[in-house]
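Note sheet for the following structure.
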2 protein chains.
Amino acid sequence: MPKVETFDKVLVLKKATDVFHEKGYNATSMQDLVDATALNRSSIYNSFGSKLDLFLECLKSYQDLYIIKISETMDKADHALHAIELLFEFYLNEILSDNEDKGCLITNCISEMANQETSIINFLSSNQRFFMELLEELVKKGQKESTINRHRTSKEYALYLFSSIQGFRTTGILISNKKDLQTIVKTIIQTLI
Amino acid sequence: MPKVETFDKVLVLKKATDVFHEKGYNATSMQDLVDATALNRSSIYNSFGSKLDLFLECLKSYQDLYIIKISETMDKADHALHAIELLFEFYLNEILSDNEDKGCLITNCISEMANQETSIINFLSSNQRFFMELLEELVKKGQKESTINRHRTSKEYALYLFSSIQGFRTTGILISNKKDLQTIVKTIIQTLI
DNA sequence: ATATATTTGGAACGTTCATTTCAAATAAAT
DNA sequence: ATTTATTTGAAATGAACGTTCCAAATATAT
């Protein structure tokens, strides 16, 4: 029957994601993607549809990777507050190891495209929902354990933390000083204690 | 002597800024700018140099406008903490009146271009310095007045507030619910009290 | 070995990109 | 009224854009 796809889709998505992450969606050209993936133009269009479709797949694979990393990170936590601390510590390390100041692909995407493409808006909404649920559950757990105060509801603290993460990821593009970043994290989390 | 520039530079910059704000730098074409400003291509190049130069002028005029608005807003404050509350209230109103979910031109610019153009990096650095100094002075004043606690130094709180503002502006693209936004602001500020 | 469905390479599609060019129009200074 | 420096309009620049096309190559199933 047919000739089967020969390239490693995971690897190709990784390469494409790197380009989008470095340059942003609009500044990335199809030629950039051809060069980065070492795939032929037709193969890209055959396998992914369009530039926007490919970008959406990149966003999803980026998200999947992060959800795994975040889960692994938080599995090490002794309690809910500790899990939140580890989450921010994880982001801190992401910022410190991001030597090209690329920031977060998804946060950057909010800035660049949230008011333009509906497919992107849908992705960002589901991403937001995922994180809001994760954070709310964590806060709820922390409040049950009494490691997190009850000055606000778990939903309210989840909103605060979601916003804080966006800010941290954006600020991390400008600030690379570890002490400064640690200060920001400590101050964000202090509110919960 | 020469024929003098006939167009209203302030108005032209405002029109150009609107386009950049709505679409972002890379998605904005020179044709978009010609259409929006009703200026001829040559006039734009004659008066502003290049697309990037024009964008930088837009960033600066946007910044100038905001600094004025923010000053006026905070002049109404009774004390330093109140000034910070008014600052966030100002941003909240900006978000609520931003029906196209454009976000903040400068915050968006961090995401889109901070790792690309050195002229942009310089602008963003000076913008950051300005806000950091403003916030640090406010916190210092608040701590002297005892409306802000001394759990952290003014510099540390300034970093926290700077990051919080970035987060609030980005989250405001996704969230338009007034109550949710108010919750975020209250929680951010609670830390200082 | 042959048939078949798919991938691949490479050129080509028409459009749009940022920028330049240059003659014509213009308004101040003489 | 003439000179002069500048702005303006409109077309043209070549390069790059995302996408399409199609013949050739290829790997599976028969």
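Table for the structure above
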{"quantity": "Test: residue in region B:23-38 that is part of a helix (DSSP H, G or I) and under 20 Å from the mean Cα position of the chain (by Cα)", "calculated": "yes"}
{"quantity": "Pair list, Cβ < 8 Å and 6+ apart or interchain, from region A:2-17 residues that are near DNA strand D (Cβ under 10 Å from one of its atoms) and modelled with pLDDT under 90 to residues that are outside any loop (DSSP other than H, G, I, E, B) and open to solvent by 100 Å² or more (accessible area, probe 1.4 Å)", "calculated": "none"}
{"quantity": "Subset of region B:52-86 (residues that are touching a residue at least 24 places away in the same chain (Cβ under 8 Å), within 16 Å of DNA strand C (Cβ to nearest atom) and closer than 14 Å to residue B:12 by Cβ)", "calculated": "B:54, B:55, B:57, B:58"}
{"quantity": "Criterion violated by residue B:37 - all others in (1) surrounded by 11 or more Cβ atoms within 10 Å (Cβ to Cβ); (2) out of contact with any Ser or Thr (no Cβ under 9 Å at 6 or more places or on another chain) satisfied", "calculated": "(2)"}
{"quantity": "Number of positions in region B:95-111 that are crowded, with 17+ Cβ neighbours inside 10 Å and touching a Lys or Arg at 6+ places or on another chain (Cβ under 8 Å)", "calculated": "5"}
{"quantity": "Test result for residue B:124, more than 8 Å from every other protein chain (Cβ to nearest Cβ) and open to solvent by less than 10 Å² (accessible area, probe 1.4 Å)", "calculated": "no"}
{"quantity": "Single residue of region B:3-46 satisfying the filter (within 25 Å of residue B:112 (Cα to Cα) and of a type in the set (Gly, Ala, Ser)) that is nearest to DNA strand C (Cβ to nearest atom)", "calculated": "B:29"}
{"quantity": "Unique residue being farther than 21 Å from residue A:175 by Cβ, under 13 Å from the mean Cα position of the chain (by Cα) and without any contact (Cβ under 8 Å) to a residue 60 or more places away in the chain when the list is A:135, A:124", "calculated": "A:124"}
{"quantity": "Leading residue by the ranking (modelled with the highest pLDDT) among those in region A:40-74 that are among the acidic types (Asp, Glu) and over 17 Å from residue A:133 (Cα atoms)", "calculated": "A:72"}
{"quantity": "Residue check for residue B:14: open to solvent by 70 Å² or more (accessible area, probe 1.4 Å), under 24 Å from the mean Cα position of the chain (by Cα) and not hydrophobic (A, V, I, L, M, F, W, C)", "calculated": "yes"}
{"quantity": "Among (1) part of a helix (DSSP H, G or I); (2) open to solvent by 30 Å² or more (accessible area, probe 1.4 Å); (3) touching a Ser or Thr at 6+ places or on another chain (Cβ under 8 Å) - the single one residue A:90 does not satisfy", "calculated": "(2)"}
{"quantity": "Residues that are of a type in the set (A, V, I, L, M, F, W, C) and either near DNA strand D (Cβ under 8 Å from one of its atoms) or away from chain B (no Cβ under 14 Å) (or both), drawn from region A:32-64", "calculated": "A:33, A:34, A:36, A:38, A:39, A:44, A:48, A:52, A:54, A:56, A:58, A:59"}
{"quantity": "Scan of region A:68-83 for residues that are open to solvent by less than 40 Å² (accessible area, probe 1.4 Å) and out of contact with any Gly (no Cβ under 7 Å at 6 or more places or on another chain), ordered by number", "calculated": "A:70, A:73, A:74, A:77, A:83"}
{"quantity": "Qualifying residue in region A:102-112 (condition: within 11 Å of another protein chain (Cβ to nearest Cβ), in contact with a helix residue (DSSP H, G or I) (Cβ under 7 Å, 6 or more places away or on another chain), within 16 Å of DNA strand C (Cβ to nearest atom) and within 22 Å of residue A:166 (Cα to Cα))", "calculated": "yes"}
{"quantity": "Boolean, residue A:122 is more than 30 Å from residue B:24 (Cβ to Cβ) and at pLDDT 95 or above", "calculated": "no"}
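The values are calculated or read from the model by the stated rules, or taken from the named source; none is laboratory data. Here the structure is a predicted model, which means the values were calculated and not measured. Positions of Cβ are backbone-derived with ideal geometry, glycine not excepted, and every protein chain shown enters the neighbour counts. Heads up: the accessible areas ignore ligands, DNA and RNA and are worked out on the full protein's heavy atoms, side chains in. Shrake-Rupley method; radii C 1.70, N 1.55, O 1.52, S 1.80 Å.
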